[in-house]
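What follows is a short report on a single structure.
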Amino acid sequence: MTATGFRLDHMDHKSLHRFDLNLIKVFLAICHCGNLTQAADRLGLTQPAVSHALRRLRDEFGDPLFVRVGNSMTPSQTAMTLRPAFEQALRLVGDTVQASRQFDPTVSTRQFRIAMTDTGEFVILPRLLAALHKAAPEVTVQSMRIAPEDLHSALRTGQIDAAIGFQPGLEPVGAVPRHIMQDKIVCLFRSGHPLAGQDWTAETFGGLSFIDVGRDATGYRLARQQIADLGIPYRTVAQLNHFTIVPEILRRTDFVALFPYSVCRMMNRHGEFDHLDLPFGVPTFDVSFWVSQAFAADAALTWLYELLLTQMEC
């Protein structure tokens, strides 16, 4: 079969049992080097051994995989499709092996891949990076944007190490939550806004003009759903993808925005803004550090969570 749309988890049990996982290393070495001799040197093998492995790969996938162009081996479309899947598989194996070892942050060079929203980055990432700089100077963090519906798959396959946020749909499918903080959605507006002299009711709320942002955030969707269920008007004057411009808009207008309280508290150090709890009782929600059940014993992830927790308590 060809590898168009190929995924490792789509191989049947018999094929997977037969497939030699050492071939993945050969495949990736050829991708990286573009030359069989250099790939052999990289792997500590002879060139005939690499050529034999390439023949086995070609037989397995029914495709040439690499075509000689001058002195280089150029990957076919099938090879380009296979490469990210093989890289992910090899990384997953490496992370699993690393997880079984004791984690030493002072010498580790691990990169943590964490799914966060832009609001999560604003509240959590500055604290986390400052702490890592002191405790684990060679450790790095890659913040990734993953759609909520794809988080479980990303955790399970090792595409990400952890997810941070309010994600109640993850626990029923086997992810493990570790509590970071409680948060809530509030109504944010500029200091001196006319709201300060009005009764704060659902009717008042329904007469406001909103900057709409964060529509993919689960806590935000919780508030929006309750507004819709109660039949309260919600008039938007702009729909934005990122929250960072919202304070500047609010500072210059009488518009308001639904905003996480954790963000409001951090950005209002100079008293330029005010906020009110929503007048119809939207519940608070838990922001958690989520890991796959398969990696729950990873010493590095446990250490990272405990480090983050101490920073959030400061």
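The values are calculated or read from the model by the stated rules, or taken from the named source; none is laboratory data. All values derive from a computational prediction rather than experimental measurement. Ideal geometry is used to build each Cβ from the backbone, glycine not excepted, and the neighbour counts take in all protein chains shown. Note: areas computed on protein heavy atoms with side chains; ligands, DNA, RNA excluded. Shrake-Rupley method; radii C 1.70, N 1.55, O 1.52, S 1.80 Å.
Being open to solvent by 40 Å² or more (accessible area, probe 1.4 Å), touching a strand residue (DSSP E or B) at 6+ places or on another chain (Cβ under 8 Å) and farther than 22 Å from Ser191 by Cα narrows it down to one of Thr302, Thr284, so name that one.
Going through Thr302, Thr284 in turn, the sole match is Thr284.
Which residues, taken from the stretch 148-190, are of a type in the set (Gly, Ala, Ser), touching a helix residue (DSSP H, G or I) at 6+ places or on another chain (Cβ under 9 Å) and either modelled with pLDDT under 90 or over 17 Å from Leu301 (Cα atoms) (or both)?
Across the stretch 148-190, the qualifying residues are Gly158, Gly169, Gly174.
Looking only at the stretch 291-314, which residues are under 21 Å from Ser153 (Cβ atoms) and either aromatic (Phe, Trp, Tyr) or in a loop (DSSP other than H, G, I, E, B) (or both)?
Answer for the stretch 291-314, where residues must be under 21 Å from Ser153 (Cβ atoms) and either aromatic (Phe, Trp, Tyr) or in a loop (DSSP other than H, G, I, E, B) (or both): Phe295, Ala296, Ala297, Asp298.
Criterion first (surrounded by 13 or more Cβ atoms within 10 Å (Cβ to Cβ), assigned to a loop (DSSP other than H, G, I, E, B) and not β-branched (Val, Ile, Thr)) does Asp254 satisfy it?
For Asp254, the condition - surrounded by 13 or more Cβ atoms within 10 Å (Cβ to Cβ), assigned to a loop (DSSP other than H, G, I, E, B) and not β-branched (Val, Ile, Thr) - is met.
Is at least one residue of the stretch 215-222 open to solvent by less than 20 Å² (accessible area, probe 1.4 Å), at negative phi and in contact with a strand residue (DSSP E or B) (Cβ under 9 Å, 6 or more places away or on another chain)?
Yes: the stretch 215-222 contains one or more residues that are open to solvent by less than 20 Å² (accessible area, probe 1.4 Å), at negative phi and in contact with a strand residue (DSSP E or B) (Cβ under 9 Å, 6 or more places away or on another chain).
Which condition breaks for Arg127 when tested against (1) open to solvent by 30 Å² or more (accessible area, probe 1.4 Å); (2) in contact with an Asp or Glu (Cβ under 7 Å, 6 or more places away or on another chain)?
Result: Arg127 fails condition (2) only.
Exactly one of these conditions fails for Thr96: (1) β-branched (Val, Ile, Thr); (2) exposed (fewer than 14 other Cβ atoms within 10 Å of the Cβ); (3) at pLDDT 90 or above; (4) under 30 Å from Phe289 (Cα atoms). Give me its number.
In the conditions (1) β-branched (Val, Ile, Thr); (2) exposed (fewer than 14 other Cβ atoms within 10 Å of the Cβ); (3) at pLDDT 90 or above; (4) under 30 Å from Phe289 (Cα atoms), Thr96 misses (3) alone.
Could you please find all residues in the stretch 166-217 being charged (D, E, K, R), part of a strand (DSSP E or B) and more than 24 Å from Asn241 (Cβ to Cβ)?
Within the stretch 166-217, just Arg178 meets the criteria.
Just to be sure I understand, how many residues within the stretch 59-86 are within 16 Å of Gly34 (Cα to Cα), in a helix (DSSP H, G or I) and open to solvent by 70 Å² or more (accessible area, probe 1.4 Å)?
3
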